[in-house]
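Every read-out reported here was derived from the displayed coordinates using simple, explicitly stated rules and does not represent laboratory data. Remember, it's a predicted structure, so these values are computed and weren't measured experimentally. Here Cβ is always computed from backbone atoms with ideal geometry, including for glycine, and neighbour counts include all displayed protein chains.
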Amino acid sequence: MDESNENIVNEGDTPESAGNEEHQPDAKIFEYFEEDTIQQKVSYGKVLLMLHELTKIDEELAEIDDEKGDLPVRIENLKERMLVVEQHLTEDKAKLKTFETEEKALNKENKSLDDKVTKYDESKYKAKNNKEYDEITKQIDAMMETIDKNDARLKELKAYQENLVKGILEMSKSYDELKAELKEDTTHLNSLNKQFEDEENELIEKRKVILEKLDNNHKTLYERINGSLKGEATAIVRKGNCSGCYNSVPPQREIEIRMAEDIFLCQSCGRIMIDEKLIENL
Ligand SMILES: [Zn+2]
């Protein structure tokens, strides 16, 4: 791009700045172009070429993304799944502990009740009368009832614990599998990142330089389209067709695109349209 184009870009973007003092040294160039329809054609031409350049950079960045494939997403996914398993494991381990504590307490209670029953059984024969004997028997029965109740609960707890232990083992196994998978994917991604690091940084830097030269409207427009069509924000109009979606471009629009009088988007795919002649001159 030569000096004259630079000024014409500014003129085309902000016509009011045409007479700006800053452009005074090149004023004669404006005068020359102001009487010429070529003026606007050249102005958007430079913007379009910059957008074309950006697209090529983003295409390379998209290729690098492709090389990495779904690894970054997979890694995030694995981390989330591990977190869920970890939470379940923590919950179940806590439950198991509660059951174990209850089990211990019940066993302790039964042991002391057993001892008591033995003692009462012995004292039963030392009873002074029937009333005392009946009283002791009643107490033994009550204790035996508690022991039975505790035994039933202990049986229930045992079943719960067995299930929990089984579940914890299964979860631990799947946690370890996820961990191994994560390690493998992370190692793979790290090596790819390292491999592409320099290339990527260089592209990002080149991208930054071009973006700084664009005005905000063009920058926003480009980034918006590039957001959904990474590396494909611009399309070439070739033989009346959009290279992005292969739909035909109306003849009148094709002429306007060739004139580069404005930034035109493909009516079918929304890409920024660039006439092939503009690129050929590169
Ligand atoms: Zn299209």
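Using the Cα centre as the reference, give the magnitude of the dipole from point charges on the C-beta atoms of the range 197-259 (Lys, Arg: +1; Asp, Glu: -1; all else neutral), rounded to the nearest 20 debye.
Dipole about the Cα centre, nearest 20: 500 debye.
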Practice task
With just the Cα atoms of the range 92-169, tell me how far they stretch along each of the three principal axes, in Å, largest first.
Solution key: 58, 14, 13
Problem - Net charge, Asp92 excluded, C-beta distance under 13 Å - Lys, Arg +1, Asp, Glu -1 - result: -1
Practice task
List the chymotrypsin sites (Phe, Trp or Tyr not before Pro) within the range 181-253 that fall in a DSSP loop (any state other than H, G, I, E or B) and whose Cβ has at most 13 other Cβ atoms within 10 Å.
Solution key: Tyr246
Practice task
May I ask for the net charge around Val237, where only other residues with Cβ less than 11 Å from the Cβ of Val237 are counted and Lys, Arg are +1 while Asp, Glu are -1?
Solution key: +2
Fill in the blank from the handout: In nm, the gap between the two label points placed 7 Å beyond Cα toward Cβ at Ser172 and Val209 is 5.8
Handout entry: Dipole of the range 71-210, positive direction: furthest Cα of Leu83, Ala142, Tyr160, with charges on the beta-carbon
Key = Ala142
Problem - Extension reserve of the Glu199-Asn129 stretch, reckoned as 0.36 nm per residue once the Cα distance is removed - result: 15.0 nm
Handout entry: Neighbour-limited loop hits for trypsin sites (Lys or Arg not before Pro), the range 73-137 (at most 14 other Cβ within 10 Å; DSSP other than H, G, I, E, B)
Key = Lys126, Lys128
Exercise for the section: Give me Arg207, Arg271 ranked fewest to most by other Cβ atoms within 10 Å of their Cβ, as a rough exposure proxy. Expected result: Arg207, Arg271
Completion exercise
Net charge (Lys, Arg +1; Asp, Glu -1) of residues whose beta-carbon lies under 13 Å from that of Gly270, Gly270 excluded, is +1
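Can you list the trypsin sites (Lys or Arg not before Pro) in the range 159-205 that are in a DSSP coil and have 16 or fewer other beta carbons within 10 angstrom?
none
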